[in-house]
Amino acid sequence: MTVHRRNRMIGDIGAALLSVVLLVWTLLPIYNIIRVSMQDKEEVLSTSVFPVAPSTHAFSVVFRQAFWLLETFWNQMGNSFYIGIVVAFLTLAIGSLTSFTISRMRIRSGWMLTNTALLTYVIPASFLAIPFYGIMGKYGLTNNPLAVIAVEVTFATPYAIFIFQQYSASIPFELDEAARIDGASPPQIFFRIYLPLMAPALVAIGTYALLLSWNEYLYAFLLLSGGKVITVPVALGKFLVGDEAPWNYLMAAAIVYAIPPLIIYYGFRRKMSGGLTMGGVKG
Amino acid sequence: MAVTTTVDSPAAATDTAPLARRRGTFGPDKLWALAFVTPYVAVFVAFVIYPIGYGLWLGSDPASYRALFNDPVYPHTVVNTLLYLLFGVNLKLFLALLLSGFFMRKGWWSKVLLLVFMLPWAVPALPSYLSINWMLNGQWGLINNIIWLVAQVDGPPWLDSPNLALASVIYGHIWKWLPFWTLIFFAGRMAISLELYEAAAVDGASPLQKFLHVTLPLMAGMYLVCTMLSTIWALGDFNAVRFISGGGPALSTHVLATLGIRNAFELGDPKLGMATVLTALPLLIPLVILLMRQLRRNEVTI
């Protein structure tokens, strides 16, 4: 019995130590963002570890757009939101229609569609950036948010199709058959039966697509060259071009930019994982 | 990225029976089906097939490859890419597998810790990578400030030495993606029946033996798929290198993804850029084939 208790104590101490290591590991870069955002210009270039005179100056500069790289900050936030919302909507529309056709209408070429989705899913997106840039020029979509929307929808839809197909496997087929006997057409089944029952998966994938495009840097940087259409990540990237980056402004802007996804992750955590973590490993 | 781990769920298994019973689509239904898949097919043709074809065409000029292989930066870049994949992916996944077991501990503390631990995944990549960049600044960065505070010595110039800069990029990659893979493995472990562990306990198995003989065999397939998928994603990762080391010092920490973009856009040579990226195909194609085969079998979906 005492051996047992001693083992448990060793286990608890080990867990406590590991917890401390994990906390430091996780929080160090995040503490650095907050620390720098509260420094003033001189203190950024100092050897301080803790803020000497924490101020909200950098945040007020961001909110008032009072620095030349932040001149259109709120407009950029708006662009990021706009692109994210449109991407989420299109991903849901295209993904749900496709998965409905494959798994509910049982079309003969369904396996081919599933394979194309798989293929898109496993291609590294950045490898297509170079031809994409050329193609968007041919489509006449340079410096147009639609170009970025098209890219994000392309890379978000395959995952949406997988999740929808898996989720819809739990919806009984008898519902469709009953509706069909009552004379319902495919669009009626889609809108009245399929979509309402898929709500949890729709919420999860909508959030996923929104966050995917909110976080996108490379394509937004390449396809949106300037002026009023750029998104926040592109603007943050521009800070590094100058010699002396104003790190306090950059970090303050980065915090404002990171808040919406944080709210979504932690606010919708249960809904997201409810829709997305089903099943497990095969025995 | 979002998470799913589904394998052989009973719902999916019973579903195939009514499917087989049903008749095929015909008549007006066929038209509806056609209308429903048209948007997806259009997107796939316009934004996947066409770019792939155009990319292959751009990368089909032998002269680009001659220029590429004569570029002194290229051999470094290949080595960096391999090191990044080897250490970044494998360290990350191994740690994630172990940590997922740690988070299975009962009690409020491990739940709270998991919430904090998820932060790197929830924060967008750019702010974090920029922060890591400035944190590792040799002169004014937080890390060297801490080293100075504690030991009164100057820390190493993290981003000014090729090896340390590459290690910093790998660190940033692991930091950012460790929570995601830990959650994946966590979900995998949750699905293992507790009865197996109880039976092992009855037989007198130690925690290590339980891990080796219950957890590991059941998660091996999933671990393999995760390794392949993570390798592909890391191969295409642009942001970590771009914002932590910027490819520097002196172009010594580029990987194929960032060198491709640099050659195409900074040097203004799309053909050279595409050739750079395409030299990853000998690694990418076998991975894609293996992974597609695995995913199609629907054993593990992520």
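How large, in Å, is segment A:2-63 by the Kirkwood hydrodynamic radius built from its alpha-carbon pairs? Present the calculation step by step, with values, prior to reporting the outcome.
Numbers: mean 1/r = 0.0688 Å⁻¹.
By the Kirkwood definition, the hydrodynamic radius is 14.5 Å.
From least to most packed, judged by other beta carbons within 10 angstrom and beginning with the fewest, A:Phe81, A:Phe164 follow the order A:Phe81, A:Phe164. FRET efficiency for the pair A:Arg5 and A:Ala178, taken as 1/(1 + (r/R0)^6) with r the Cβ-Cβ distance and R0 = 51 Å, rounds to 0.25.
By the Stokes-Einstein formula, at 0.890 mPa s and 25 °C, segment A:4-115 with its Kirkwood radius over alpha-carbon pairs has D equal to 122 µm²/s.
Helix-only mean residue ellipticity at 222 nm, chain A, DSSP H runs n ≥ 4 weighted -39,500 (n - 2.57), per residue, nearest 500. What is it?
Values: 14 runs with 198 residues, N = 283.
Computed ellipticity for chain A at 222 nm equals -22500 deg cm²/dmol.
Please tell me which of these pairs span more than 31 angstrom C-alpha to C-alpha: A:Lys228/B:Lys92; A:Lys138/A:Lys238; A:Lys238/B:Lys176?
Over 31 Å Cα-Cα: A:Lys228/B:Lys92.
Give the distance, in whole Å, between the Cα centre of segment B:201-222 and the Cα centre of segment A:153-187. When both Cα centres are located, 38 Å separates them.
Note on chain B: with a GNM built from Cα contacts shorter than 10 Å, the maximum mean-square fluctuation among B:Ala96, B:Ala165, B:Ala151 falls on B:Ala151. Packing order of peptides B:118-130, B:51-63, A:173-185, A:99-111, highest average first: B:118-130, A:99-111, B:51-63, A:173-185 (average count of other Cβ atoms within 10 Å over each peptide's residues).
Scaled against 2.2 N^0.38 Å for its residue count N, the alpha carbon radius of gyration of segment A:75-198 is 1.25. Classify segment B:123-172 as rounded, prolate or oblate, taking a ≥ b ≥ c as the square roots of the eigenvalues of its Cα gyration tensor: rounded when a/c is under 1.5, otherwise prolate if a/b is larger than b/c and oblate if not. Oblate. Among A:Met77, B:Met190, sorting on how many other beta-carbon atoms sit within 10 Å of each Cβ, with the fewest leading, yields B:Met190, A:Met77.
Where Rh is the Kirkwood radius over the Cα pairs of segment B:109-219, the temperature 25 °C and the viscosity 0.890 mPa s, what D in µm²/s does Stokes-Einstein return? For these conditions, the coefficient is 142 µm²/s.
Give the shape of the protein assembly as shown as rounded, prolate or oblate, defined through the alpha-carbon gyration tensor: a ≥ b ≥ c are the square roots of its eigenvalues, a/c under 1.5 means rounded, and otherwise the shape is prolate if a/b is larger than b/c and oblate if not. Oblate.
For chain B, a Gaussian network of Cα nodes joined below 10 Å ranks B:Leu291, B:Leu82, B:Leu115 by mean-square fluctuation, and the top entry is B:Leu115.
Any idea what the relative contact order of chain A is, in percent, if you count C-alpha pairs under 8 Å spaced at least 6 apart? List each step's numbers first, then the result.
On the way: 253 pairs, mean separation 85.4, N = 283.
Taking the mean separation of contacting Cα pairs over the length of chain A, I get 30 percent.
So what is the 222 nm mean residue ellipticity for chain B from helices alone, if each DSSP H run of at least 4 adds -39500 (n - 2.57) and you divide by all residues, rounding to the nearest 500 deg cm²/dmol?
-20500 deg cm²/dmol
Across chain B, C-alpha contacts under 8 Å between residues 6 or more apart give a mean separation that, scaled by the residue count, equals a relative contact order of 30 percent.
Which value, in Å to one decimal place, does the Kirkwood hydrodynamic radius take for chain A when every pair of different Cα atoms is included?
Details: mean 1/r = 0.0446 Å⁻¹.
Evaluated on chain A, it is 22.4 Å.
Here A:Phe221, A:Phe89 are placed in order of increasing Cβ neighbour count within 10 Å, fewest first, which gives A:Phe89, A:Phe221.
Can you tell me how much longer the chain between B:Leu56 and B:Lys30 gets when fully stretched, taken as 0.36 nm per residue apart minus their C-alpha distance, in nm with one decimal? Display every interim value, and only then the final one.
Values: separation 26, 0.36 × 26 = 9.36 nm, distance 3.50 nm.
Contour length minus Cα-Cα distance gives 5.9 nm.
For the options A:Tyr265, A:Tyr159, A:Tyr219, a Gaussian network treatment of chain A with springs between C-alpha atoms closer than 10 Å singles out A:Tyr265 as fluctuating the most. Overall, the ratio between the Cα radius of gyration of segment B:73-296 and 2.2 N^0.38 Å, rounded to two decimals, is 1.18.
Here the 3J(HN,Hα) profile of segment B:164-176, calculated from phi with Karplus coefficients 6.51, -1.76 and 1.60 at θ = phi - 60°, is 5, 5, 5, 4, 5, 4, 5, 4, x, 4, 5, 4, 5 Hz, Gly and Pro shown as x.
So, R0 is 51 Å and r is the distance between the beta-carbons of A:Ala93 and A:Asp12; what FRET efficiency does that work out to, to 0.05?
Values: r = 51 Å, r/R0 = 1.01.
Calculated transfer efficiency: 0.50.
A simple packing score, the average count of other Cβ atoms within 10 Å per residue, orders the peptides A:224-231, B:226-233, A:139-146 as B:226-233, A:224-231, A:139-146, with the highest score first.
A short reminder: the numbers here are calculations on the coordinates, not readings from a lab. In this text the structure is predicted, and so the values were computed from the model without any measurement. Here Cβ is always computed from backbone atoms with ideal geometry, including for glycine, and neighbour counts include all displayed protein chains.
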